[in-house]
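The values are calculated or read from the model by the stated rules, or taken from the named source; none is laboratory data. Remember, predicted model here, so these are calculated numbers, not experimental data. As a convention, Cβ positions derive from the backbone with ideal geometry for all residues, glycine included, and neighbour counts pool all protein chains shown.
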């Protein structure tokens, strides 16, 4: 009896195998080879990969292009994460009350999130296009032609123009998470605060925002990881240009893999990107779960 | 007390409504504007986007479908998305099962954390090695099989995370009762647990579907044969070739967006639930 119990228990290990094999072979194994490549000078062609230790990592700091790309990735991530959360929060607060009309608004704000980033990027490429683009055409009709710009071609504007696209696309998605978070705050808390004469702002600061903490943590972390990983928007809108003003790390890694064939150096940049993501995620968790236990 | 407040309350509600309508227009406008060139004739499109088309003719769509061989891209996308999701659910759900019901077992615990790592890593860190592994060692670039395998590996972490979190909420008594009934673990999983997992399964499917259908990067490095490209890379390529013919380029773009927009309208609640689930469990 005991023995048959044991054998049937062992079948649980078998359940794991298909998933584990695929994952180890096509994900974990490449991850470790990537780490190894990053310590070599491999150009993707040569039969031999010469081990050069951490030289690629030191080169990252000397390479002006990678430095620019790192700065751009940081700016993009911080700005997009911050603004998309503000936008999502404000929208959620505006639509907190349950009503049919609010449901319609919720759906409208969420629609862009269903589109592919590829589709979103091309829509905005058209909006921004200098001659026939929608923004400049509308400005012309409104008699505000002086305001028209080469939105993606002007080095001072390109980054800001690019960053608007994720805000447009994901703002509604952030809102949905905040709305779900708002539903978790017991109505009684608001009721009793109202009876005590608390104003809307007081209730927002003392009840709503603390109650939204798990949603805030989730949104911040998801936006941070997503923004560091961003690729499609910039690939389509500017390909890193004009000059290097919108070049980000993900695009650089892609270029090193497919065009410059600097596999070793590109892998080092990829490892650095991973470290940045892990660092930011941990920092956000530490900052927001201070004095708290059990979140996440 | 309420009476005195009412007019002010109404006013703020009207202002709120106006603000919401304004934001909704800002959100919708870019999507509506790109519809204009798709209905314009070539002469009309020369006059810019403010020249609204007279009729809703579908010639551009027909032409764009034909020139981009859209049906081939559509087939590739359906095959890739469908197979990936099927394999992913099959092997992911059953792998999550022991991890969830034997949380303290060291092997299952280690496996679980190994999968979790994949949740955080950017694809770029495995991009170059994958390009080498698939292209040179296994010769699986330019095959749908290779692309599907990469996608299965990429989507497993989130699938396993969602499934195991969900299975943990199923009462332990379920397992004990079926053990007494002499039920093996395989039957226990398929007859008892799997049917209970329907809501989370649909959330997982929707999440993965959005990612798979919309992704550009993986096919970009895995496939360069036009005949094997799924929709998004095909759209990207078509745009490059037809950049000066907005009416055709945007027709393809709309064709690519439509399946998902329709699905969203039909399954709105599941979509929104699927995307926000796991978010606010705290």
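Quick notes on this one:
- Scanning segment A:175-198 for residues that are surrounded by 14 or more Cβ atoms within 10 Å (Cβ to Cβ), within 26 Å of residue B:12 (Cα to Cα) and out of contact with any helix residue (DSSP H, G or I) (no Cβ under 7 Å at 6 or more places or on another chain) turns up at least one hit.
- When A:274, A:230, A:224, A:245 are screened for being within 15 Å of residue A:73 (Cβ to Cβ), at the interface with chain B (Cβ under 9 Å from one of its Cβ atoms) and either in contact with a helix residue (DSSP H, G or I) (Cβ under 9 Å, 6 or more places away or on another chain) or not in a helix (DSSP H, G or I) (or both), only A:274 passes.
- Selection within segment B:96-123 - assigned to a loop (DSSP other than H, G, I, E, B) and either under 25 Å from residue B:211 (Cα atoms) or free of Cβ contacts under 8 Å to residues at least 12 places away in the same chain (or both): B:102, B:104, B:105, B:121, B:122, B:123
- Filtering segment A:169-191 to residues that are over 31 Å from the mean Cα position of the chain (by Cα) and either modelled with pLDDT of 85 or more or within 12 Å of chain B (Cβ to nearest Cβ) (or both) leaves nothing.
- Any hit, segment A:45-57, residues being part of a helix (DSSP H, G or I), closer than 17 Å to residue A:276 by Cβ, more than 9 Å from chain B (Cβ to nearest Cβ) and touching a residue at least 40 places away in the same chain (Cβ under 8 Å): yes
- Of the criteria (1) under 24 Å from residue B:102 (Cα atoms); (2) buried (at least 20 other Cβ atoms within 10 Å of the Cβ), which one residue B:221 fails: (1)
- Unique residue being within 14 Å of chain A (Cβ to nearest Cβ) and either buried (at least 23 other Cβ atoms within 10 Å of the Cβ) or in a helix (DSSP H, G or I) (or both) when the list is B:194, B:166: B:194
- Those residues of segment A:112-131 which are assigned to a helix (DSSP H, G or I), more than 15 Å from residue B:246 (Cα to Cα) and facing another protein chain (nearest Cβ under 7 Å), in sequence order: A:112, A:114, A:117, A:118
- From the list A:20, A:35, A:39, the lone residue that is surrounded by fewer than 22 Cβ atoms within 10 Å (Cβ to Cβ) and under 23 Å from residue A:280 (Cα atoms) is A:35.
- Of the candidates A:257, A:261, the single residue that is within 12 Å of chain B (Cβ to nearest Cβ), within 20 Å of residue B:220 (Cβ to Cβ) and outside any helix (DSSP H, G or I) is A:261.
- Some residue of segment A:235-247 being buried (at least 19 other Cβ atoms within 10 Å of the Cβ) and within 13 Å of residue B:124 (Cα to Cα): no
- Close contacts from segment B:24-36, counting a first residue that is at the interface with another protein chain (Cβ under 7 Å from one of its Cβ atoms) and without any contact (Cβ under 8 Å) to a residue 40 or more places away in the chain and a second that is surrounded by fewer than 14 Cβ atoms within 10 Å (Cβ to Cβ) and assigned to a helix (DSSP H, G or I), with Cβ to Cβ under 9 Å and a gap of 6+ residues or different chains, come to B:24/A:104.
- One residue stands out among those in segment B:241-254 that are at the interface with chain A (Cβ under 10 Å from one of its Cβ atoms) and part of a helix (DSSP H, G or I): the one that is surrounded by the fewest Cβ atoms within 10 Å (Cβ to Cβ), which is B:254.
- Those residues of segment A:199-217 which are assigned to a helix (DSSP H, G or I), in contact with a helix residue (DSSP H, G or I) (Cβ under 6 Å, 6 or more places away or on another chain) and under 26 Å from residue A:281 (Cα atoms), in sequence order: A:207, A:215, A:217
- So residue A:137, is it surrounded by fewer than 21 Cβ atoms within 10 Å (Cβ to Cβ), at the interface with chain B (Cβ under 9 Å from one of its Cβ atoms) and not in a helix (DSSP H, G or I): no
- The lone exception for residue B:126 - which of (1) closer than 14 Å to residue B:222 by Cβ; (2) surrounded by fewer than 24 Cβ atoms within 10 Å (Cβ to Cβ); (3) within 9 Å of chain A (Cβ to nearest Cβ); (4) more than 18 Å from the chain's Cα centre (by Cα) it fails: (2)
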